[in-house]
Amino acid sequence: MSIYLPIGPQHPVHPEAVQLKLKVEGEEVVDADVDVSFVHRGIEKVLETKTYVQGLFLAERICGICNVAHTTCYAINVERLAGVEVPRRALHLRLVVEELARMHSHMLWLSLLAHVIGFDSLFMLAQRDRELVLDLMEEITGGRVITSYNVIGGVRRNVDAALAQKIISTLDGLRKRVLEYKRLLGEDAILRARTEDVGYLSSSKAVELSAVGPVARASGVPYDVRECDPYLIHDEVPFNVVVYNTCDVWGRAMVRIDEVLESIEMIRYALERLPEGDVRAKVPLLIKPPPGESVARVEAPRGELIHYVRSDGSEKPVRYKVRTPTLANLAALVEMLKTGRKDRPVYVADVPVIFASIDPCICCAARVLLIDEKRGSVKEVGMDEVVRGE
Amino acid sequence: MSGIEEPVSEEEVLQRLKEALGEALLDARIAGKRRVFVTVDREHYRTAVVALKEMGFDFLSAVTGVDAGDRFEVIAHVGRRVSVAVKALVPKDDARIASIVDVYPAAFFYEREAWEMLGIHFEGHPKLERTFLPESWPPGVYPLRKEYRQGSERG
Amino acid sequence: MLSRLARWARSRSLWVLLFNTGACNACDLEVLAALNPRFDAERFGVLLKGSPRHADVLLVTGAVTRQVESRLRRIYEQMARPKFVVAVGSCASSGGIYVGSYSVHRGLSEVLPVHAYVPGCPVRPEAVLDALRVLAEKIERGELG
C-alpha cells in the first residue's frame, strides 16, 4: 500500500495525514478532492537501492497495519522471480498469520468507526478484543503489530501442536464476541442511522472506478483476490466471498465483520490440516533472480494489493512497484463524498464516517479543508473536530 | 458472480490480442498461471487496452511507469482473474503516451503518479498535477528516473 | 515552593497529542494501545487530546516527510508552554528505515527540539509508558521546562 492517506506511501497508498478538500453549501457537500502527499516517503526509490532481502523489511513498513499482506505479496513476487518453491507447511502458516492480520485490521477498523460515530464503549470493547488477536500474533511471530514473519522461501518460525490448539480455542471464544458486534450493527438504532444509506457507491460505479476490497464487496461486486487469483492455499481452503448489496457504510461494516468470522474458519482449516515438513526453503543469502518480471497480488484487509518487480539479474531490483488498495479506492471515495442518494445528500457530519468506511490506512491525522463558497470562507480543521461537530 | 466474469483464458487473451494488433504485438507470452505479458509500441497502447476492455476486462489494477535504462515503459495491469500486463515502449527523448482514463477511470490517479515520478506525459489526462511529492518540490525533477540522485534537488 | 508544586502537578497530568508525520501506522497503533484499558496510560494522568492547544506533550511518529514539515511546526507553535516533544519510534528518532529517501528527514531533531526518544520499530506500548514516566520524572525534578 502505498503509504498515503488512505493512500499509501510512495505508496501513494497509505498516507497518514491526508487532506480532504470539500466544497460545501451550508451543511451539504457538493464537491470533493483529496491531497495525499503528506505521507509520501519515496519508498519505491529506496527499494531500488536495497537488496531483495533488505527490501522485504522496507516493504513491510509501507503500512504497519497491513504489514503481513505486504510481506506475503513481496515474498511471493520474489519467489516467483527467483523460482523458489515454498514448503506446504509454510503456506498454511502464512495463511494463518495473514488471516489473523485481517482480523486485527478489521477489528481495529470497527473500533475506529465506533469512535468516529461517538460510540466510545464499542471503541474500547473492540480494542480489548483485538488485543486477543495481537497476543496470538505475538506468540506465533514475536511481534504484535509488525511481525516480520514471512521470509523469502517461507516463514521464520514454526507453530507446534500446543500453540495451534491455543489459537483455535482463543478464536472460538472470540467468535462469540464478534457475533455480538454483528448483532449490534444489525439492531442498534444509532449505529444504523449513522451508517445506512451513508456513503453511497452504486454497483456500477464500483465497477467503473475499479474499486477493491470491502468497499467493492459492499456494493455487490464479488471481487476477492483469494478467490479470483488464489495464492497460498486459497484454492483449497473453503471460504465465502462476503458480498452485501446495500452500497453504503453499513454494508462495508457488515462485510468486514463477516470476514472476521470467515477468517476464523479459514485459520481452523489451515491448522487442522497442517502438513509436516520444513517451514522455509533454502535460499542463497544474496538472492539474484534471473532477469525478468513478475506480478503478485494478495487480498489485503483493504482490498487488492498488487506488486510488480523487474530484475536485471543483480541483487537489487530495477523497479519495484506497489499499488495499495487505498489508492485504488480513492476515486470511489471522492465519488462517495460528492454523490448522495436522491433523497439524502452528503452532509459534512457524514464525512468522517464515509472517509472511515473505505478503511483508509491512516488513523487520526487527517486534515479537512472546508470551503464554503456561499460564505466565502476556507477553514482547515482536524478530522476529530469534524467528528465532534465543531 | 456477474460483473467480474472475464470468460477468457490466458491463451484466448493472446489469440484475440494478436488478432487486434497483428504486427504491432511485439511480444506476447503466458508468464504463469493467470499471468499474461504483452509488449506493444507506444502508438498501439490504447488499441491494446481497448481490445481488452471489449473482451470483458472491466478492471484496471494499476499503471506502472518504469525507467528501463534506454527507454521508458508504461505498463497497464488489467484484469481480476487473469492479470494482463500491457507494456508500451516510450522513447526517453519524447516521453508521452495516450491516456487511458476514458477507458478505465481508475487510471486517473495511476497516470498522475507515473507522470510525477518519471515525467511521462499522458495525453488526454484531465488533471496531471502534483499528487505525492511535497509542494516545495522543484518542477522538472522526476525521482524515479535513474539519473535522479537522492537529495540532489535540494542543491 | 510554588514552582515545586507546579512541577509536581504538571508531571502527573501530562496531556498528549499524537501526530503522525509520515509513519507506517504501527507506532501510532502502539501509542493508542498504551491508552487502552490493558496498558492504561490514564492511571498516570496521561490523556490523549485532539488539539495542540490542550496538550503538554507532542508525541511524534513517522519520519517527518517534507510535505508535512510545515504543518508539524505549526502544531508545535500552537502548543502553550511549557511543552515537550517525544520522538516515538525509529523513524522519528533517526529517519528509520527510510533514510536516504528524497522525501524524509533524518529524524525529528532536524525540525523540533526533542526531550525524549522511544526506540523500536514499532515501539511497544510499555516503552511509550516508560518514556512518559521518564519525562514526568525529569519535569518533576526541574530538569526540563
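Tabulated data for the structure shown
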| quantity | calculated |
| --- | --- |
| Residues located in the range C:94-133, provided they are surrounded by fewer than 20 Cβ atoms within 10 Å (Cβ to Cβ), β-branched (Val, Ile, Thr) and at pLDDT 90 or above | C:Val111, C:Val114 |
| Looking only at the range A:208-229, and only at residues there that are facing chain B (nearest Cβ under 7 Å) and part of a helix (DSSP H, G or I), the one that is surrounded by the fewest Cβ atoms within 10 Å (Cβ to Cβ) | A:Glu208 |
| Top-ranked residue in the range A:16-52 [being touching a Pro at 6+ places or on another chain (Cβ under 7 Å) and in a loop (DSSP other than H, G, I, E, B); ranked as modelled with the highest pLDDT] | A:Glu48 |
| Tally of residues being under 11 Å from the mean Cα position of the chain (by Cα) and either in a helix (DSSP H, G or I) or over 24 Å from A:Tyr320 (Cβ atoms) (or both) across the range A:63-97 | 4 |
| Complete set of residues in the range B:69-83 that are at the interface with chain A (Cβ under 10 Å from one of its Cβ atoms) and within 11 Å of the chain's Cα centre (by Cα) | B:Glu73, B:Ile75, B:His77, B:Val78 |
| Pairs with Cβ under 7 Å, 6+ apart, first in the range A:277-297 and on the phi > 0 side of the Ramachandran plot, second small (Gly, Ala, Ser) and part of a strand (DSSP E or B) | A:Gly292/A:Ser311 |
| Residues (among the polar types (S, T, N, Q) and more than 10 Å from chain C (Cβ to nearest Cβ)) located in the range A:111-136 | A:Ser121 |
| Matching option when the condition is closer than 26 Å to A:Pro317 by Cβ, in contact with a helix residue (DSSP H, G or I) (Cβ under 9 Å, 6 or more places away or on another chain), more than 13 Å from chain A (Cβ to nearest Cβ) and not charged (D, E, K, R), among B:Ala51, B:Ala95 | B:Ala95 |
| Counted residues, the range C:42-72 - those being within 17 Å of C:Val123 (Cβ to Cβ), within 14 Å of chain B (Cβ to nearest Cβ) and of a type in the set (Val, Ile, Thr) | 1 |
| Residue selected from the range C:73-98 under the condition of a type in the set (Gly, Ala, Ser) and outside any helix (DSSP H, G or I), by the criterion nearest to the other protein chains (Cβ to nearest Cβ) | C:Gly95 |
| Which numbered condition C:Glu126 misses (of (1) outside any loop (DSSP other than H, G, I, E, B); (2) farther than 18 Å from C:Asn25 by Cα; (3) out of contact with any strand residue (DSSP E or B) (no Cβ under 7 Å at 6 or more places or on another chain)) | (2) |
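To keep it simple, each residue is scored yes or no on (1) part of a loop (DSSP other than H, G, I, E, B); (2) not aliphatic (A, V, I, L, M).
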residue	(1), (2)
B:Gly65	no, yes
B:Gly69	yes, yes
B:Arg80	yes, yes
B:Val84	no, no
B:Ile100	yes, no
B:Phe109	no, yes
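The values are calculated or read from the model by the stated rules, or taken from the named source; none is laboratory data. Just so we're clear, the structure is a prediction, and the values are computed from it rather than from any experiment. Glycine also receives a Cβ, built like all others from the backbone with ideal geometry; neighbour counts cover every protein chain displayed.
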